[in-house]
1. Within the range 9-53, take every residue that is of a type in the set (Gly, Ala, Ser) and over 22 Å from Thr132 (Cα atoms) and give me the one that is surrounded by the fewest Cβ atoms within 10 Å (Cβ to Cβ).
2. Among the numbered criteria (1) in a loop (DSSP other than H, G, I, E, B); (2) under 17 Å from the mean Cα position of the chain (by Cα), which one does Val3 miss?
3. Let me confirm something: among Ser66, Ser82, which residue is of a type outside the set (A, V, I, L, M, F, W, C) and either over 19 Å from Ala145 (Cβ atoms) or crowded, with 20+ Cβ neighbours inside 10 Å (or both)?
4. Pick from the range 90-139 the residues that are in contact with a His (Cβ under 9 Å, 6 or more places away or on another chain) and hydroxyl-bearing (Ser, Thr, Tyr): which of them is surrounded by the fewest Cβ atoms within 10 Å (Cβ to Cβ)?
5. Please give the helices (runs of 4 or more DSSP H) falling wholly within the range 18-88 in which 3 or more residues are under 15 Å from Val141 (Cβ atoms).
6. Need the failing condition index for Gly60 against (1) surrounded by 12 or more Cβ atoms within 10 Å (Cβ to Cβ); (2) over 18 Å from the mean Cα position of the chain (by Cα); (3) at pLDDT 95 or above, just the number.
Amino acid sequence: MTVKQGWTGRVYEDFEVGDVYRHPLGRTILSADNTWFTLLTQNTNPIHFDHVYSAGTEFGKPLVNSCLTLSLVTGQSVTDLSQNVMANLGWDEVRMPHPVFEGDTIYSQSEVLETRESTSRPKVGIVKVKTTGFNQDGTVVIEFARTFMVYKRGHVPETPKLKRPR
């Protein structure tokens, strides 16, 4: 049997301005996801977890917590963008042009906007991307810019070696 290395992520040198990554995984947001995330973050607005209350709003049903949408779409991008990140530097220009509802399936993609050398850390570079999340109908539900420090080739910390069964 041949053991092959799995995907280890991109490093700074792999990013080029204009590259677009269509992130491979979508995620359907369940009522439990929305309720747990809302309660975990101590958001007390009943529009996220009280179906009776939400029925009386202009939406007629619960809205997905917007921070859950931001977290989900950021998470979807990790495999393509930030598997080898040293640190996130910021999320900017966050826009949510359309509501997300329980039962929606969210997909995302990112475009590389800028790359530059770090002036203070020679082992990393800085990348800025625009990430867009959209629902099952192709409607954009979130857009944001994210800037992160990513390791350069040869400087990614080594993953601990797993003990193999005998």
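1. Step one: list which residues in the range 9-53 are of a type in the set (Gly, Ala, Ser), which gives 9, 18, 26, 31-32.
With the extra rule that they be over 22 Å from Thr132 (Cα atoms), the set shrinks to 31-32.
Numbers: Ser31: 15, Ala32: 9.
Filtering the range 9-53 for residues that are of a type in the set (Gly, Ala, Ser) and over 22 Å from Thr132 (Cα atoms), the one surrounded by the fewest Cβ atoms within 10 Å (Cβ to Cβ) comes out as Ala32.
2. Condition (2) is where Val3 drops out.
3. On the way: Ser66 fails: either over 19 Å from Ala145 (Cβ atoms) or crowded, with 20+ Cβ neighbours inside 10 Å (or both).
Of the residues listed, the single one that is of a type outside the set (A, V, I, L, M, F, W, C) and either over 19 Å from Ala145 (Cβ atoms) or crowded, with 20+ Cβ neighbours inside 10 Å (or both) is Ser82.
4. Result: Thr139.
5. Working: elements: 31-40, 51-55, 66-77.
By residue number, 66-77.
6. Of the numbered conditions (1) surrounded by 12 or more Cβ atoms within 10 Å (Cβ to Cβ); (2) over 18 Å from the mean Cα position of the chain (by Cα); (3) at pLDDT 95 or above, the odd one out for Gly60 is (1).
The values are calculated or read from the model by the stated rules, or taken from the named source; none is laboratory data. Here the structure is a predicted model, which means the values were calculated and not measured. Every residue, glycine among them, receives a Cβ derived from its backbone with ideal geometry; neighbour counts consider all protein chains shown.
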